[in-house]
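Have a look at the structure below, then the notes.
The values are calculated or read from the model by the stated rules, or taken from the named source; none is laboratory data. All values derive from a computational prediction rather than experimental measurement. Every residue, glycine among them, receives a Cβ derived from its backbone with ideal geometry; neighbour counts consider all protein chains shown. To get the accessible areas, we keep the full protein, side chains included, count just its heavy atoms, and leave off ligands, DNA and RNA. Shrake-Rupley method; radii C 1.70, N 1.55, O 1.52, S 1.80 Å.
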Amino acid sequence: MKTKYFIYGTALCGLLGLGLNSCNNDEFLDVPHGNILPANAIFDTDEAAIAALTGCYDLMLPSNTTDFAGNSVHNGDPFKPYVFTTSHPTMDSQASGWDKAFCQQGWNAQTTELLSGWRHAYAAISRCNEYLAGIETAEALTPSVRTHLQGEALALRSYQYHWLATTFGRVPWLEAGETYVNTPTKARVATHEEMWDMIIADFTKAAELLDWEPMNGQYGRCTKGMALAYLADSYMWKAYRTGNDSYYADAKKYLKQIIDDGPYVLNRSFSTLFDADEAWGKEAIWQVVLNEGDQWGGWDGGKWSEAHGWVGFYYGAPANGAWGTYAVSYELYDSYEDGDKRRDASLVTACLPESELDRISQLEGRDIKSHWKQTFKPTAWLANANNAQYCGKGTVDFDNYNNNTILYDPDCPIGFNPFSQEFVKYNTFHREPGDIAPTVYSTKHWRNGRGTHWSGDQWLPDHIYMKRLANVYLDYAECCFRTGETAEGWKYVNLIRNRAFGNLEVGHKDELTAKYNNYYKWLGTFYKDNGFGYYTVSDEYPIPFNEAPVTVPDAEQYYTALKAAKGFTSPVWQVAVNEERRKEFNAEWSLKTDIQKSGYLVDHMDHNYPKGYGTETGMTQIYTWRTYRGFDFNEGKMDMPIPQDELIKNPACDQNEAYR
């Protein structure tokens, strides 16, 4: 048996990766002997074991790295596996180019992003397995440290299995000590029930080992709250997969534990969840925080600043310098009730001419223009004489934007991103004729000025939430409805809606402004000082905080009416919980999985995106803001195909039924 060695400074990050790469020059082996240690040396001290676990956290999100076979894990696009598998299949988010396949169930076993996600997940699992095998007998560690580190490694491993199970269904399960190096051939778990039982066992043990607060106060580490949230989520998935509703009682128990015993509190303002000054706030249970970037001005190829760049490019408007692979549907934009602040805190549309809005209003038989009205028209900006070159009052130059003309009609109520102080430079409902995507973009991730430009001026603080307290509230509400506690279920739906309409902000304007607006004042000052005259510096937060309470429509009454109007076949509570998820979690990574595990996905597609809408009546061109679905939705395809590369290399693995 060969003795394994680690370069101590990199701990597990390179774990056995050299073993499968051919090399014609052996000089890479010339490492000073004082700098290498046997593999088990990482468990000789508490400090070494804590440092070594960094190798598992390193693969929480894709970065420029390789798997054990030396293959590129993400092909340069660090977030696509997650964005594409957790959002696009709902059609609430859409894309163009080759990316649009994920909005049309057009993926297959050769799809690059699926292989990238698969490789990445198993690279992370393999690192965790090596770590778990070693720590099992690590007698030199302080017991409390060993306990916590083992819990973190278990939680990290099952986080990756959770993504695999919600994306592909049944997958091969590698035990502690197993990697694709020493176990290259393994069959998939036999049943969905067995798959979720294994994930549940890991999260159960992790929750027992971990504390509510992160180890050493280092936010970003797994906690009891993270493990319990995914444990409850896993029980809900088990109920969905097996048809056994008794598992909702288990899920409800763990969700209530988080609510009653955890340190989590809803942010007073939904808008501020995605601000630079809200890193690991009290609502966050599990998230990744991208800081402001330490590589200003360039794509360095291997550091996290590149990841910052991709976030901006995905979610911003292409006409403003971004890529825009994440566009949001007008159906989702239109689903918000008047007064629901989540819309303007999440979404911005193109500058749509009032004549178009008037026409759609007439066809719809309702006042679309007022319903879509922005409440923060940039009057101060327009009053500045220096900005006349960008926008002539009463005119819109839609053909001249390459000459720095801001495409904005001062009388048009939409088209302005209040966070980045940019105007969306389209004047149509869709972009890229012949390859259509809506001109609606996420201001959750596009609120950082010129950070979405190819020029490399990356200043992109960003929050990627996997679990926050709002997820727990809506999961708990669903479990209450399923176990007969109807009043409790509506209570938690209404708690989410009360925050959405701004009532938690009342009486806290000064406090919230002091905490969150400094970043936007800095942003305005920075860009103004660097020659971008259309930026303003304001003492007010971009979306005004509520100063007086508002009346929030009762959830049960509102969704009873919506169910009747749209023809949903699901129970009213199921419509309510999942429509709230759409409004709350767009552009986050839980949307598809939450709707699917609830059994609402088919109803959602049938009534929010009916197939072939308007084709027989010739209304396709008239209702230009609607999404056209030309394919038959197949729920079986939501278990995405096992990558062909895996089937070739692992003959014990078989393909999902919908792709055989």
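The table for this structure:
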read-out	value
Per-residue HN-Hα couplings for segment 623-638 [Karplus 6.51, -1.76, 1.60; θ = phi - 60°; Hz; x = Gly/Pro]	7, 5, 8, 7, 8, 9, 10, x, 10, 7, 6, 10, 4, x, 6, 6
Packing-based ranking, highest mean first, of 597-606, 324-333, 626-635 given that Cβ atoms within 10 Å are counted	324-333, 597-606, 626-635
Binned Cα-Cα distances of segment 139-260, short to long, each 10 Å bin given as a whole percent	13, 40, 32, 13, 1
Order of exposure, largest accessible area first, which applies to Arg660, Arg582 with probe 1.4 Å	Arg660, Arg582
Set of segment 229-244 residues, backbone N closer than 17 Å to the point 7 Å along the Cα-Cβ line of Ala201	231, 234-235, 238
Neighbour net charge for Asn546 - beta-carbon separation under 11 angstrom, K R +1, D E -1	+2
FRET efficiency for Ala41 and Asp211, using Cβ-Cβ distance with R0 set to 25 Å, rounded to 0.05	0.40
Distance between modelled label sites at Trp280 and Ser144, nm, 7 Å Cα→Cβ extension	1.8 nm
Relative packing of peptides 516-522, 82-88, 485-491 - highest average C-beta neighbours within 10 Å first	82-88, 516-522, 485-491
Rounded to whole Hz, the Karplus (6.51, -1.76, 1.60) HN-Hα couplings of segment 473-483, x for glycine and proline	4, 6, 5, 5, 4, 4, 5, 5, 4, 6, 9
Calculated FRET value between Lys566 and Lys253, using beta carbons and R₀ = 41 Å, to 0.05	0.75
Interchain or long-range residues, amide H under 5 Å from Ile285's placed H	Lys467, Arg468, Leu469
With all protein chains modelled, accessible area of Lys253 [1.4 Å, Å²]	110 Å²
Distribution of pairwise C-alpha distances over segment 507-609, 10 Å bins, in %	13, 27, 21, 22, 16, 2
Calculated SAXS-style log₁₀ I(q)/I(0) at q = 0.09, 0.23 Å⁻¹ - segment 89-209, Debye, Cα scatterers	-0.32, -1.31
Debye intensity ratio in log₁₀ form over the Cα atoms of segment 537-579, taken at each q of 0.17, 0.28, 0.34 Å⁻¹	-0.59, -0.93, -1.18
Accessible surface, 1.4 Å probe, highest first, among residues Ile50, Ile125, Ile648	Ile648, Ile50, Ile125
Förster radius 25 Å - calculated FRET efficiency between Thr183 and Asp654 (Cβ-Cβ, nearest 0.05)	0.90
Shape of segment 571-660, Cα gyration tensor, a/c cut at 1.5	oblate
Cα-projected label distance for Asp632 with Arg366, points at 7 Å along beta-carbon direction, nm	3.2 nm
Other-chain or far-sequence residues with amide H under 5 Å of Ala437's (modelled H)	Arg431
For Gln94, distant residues with modelled amide H under 5 Å away	Ala327, Val328, Ser329
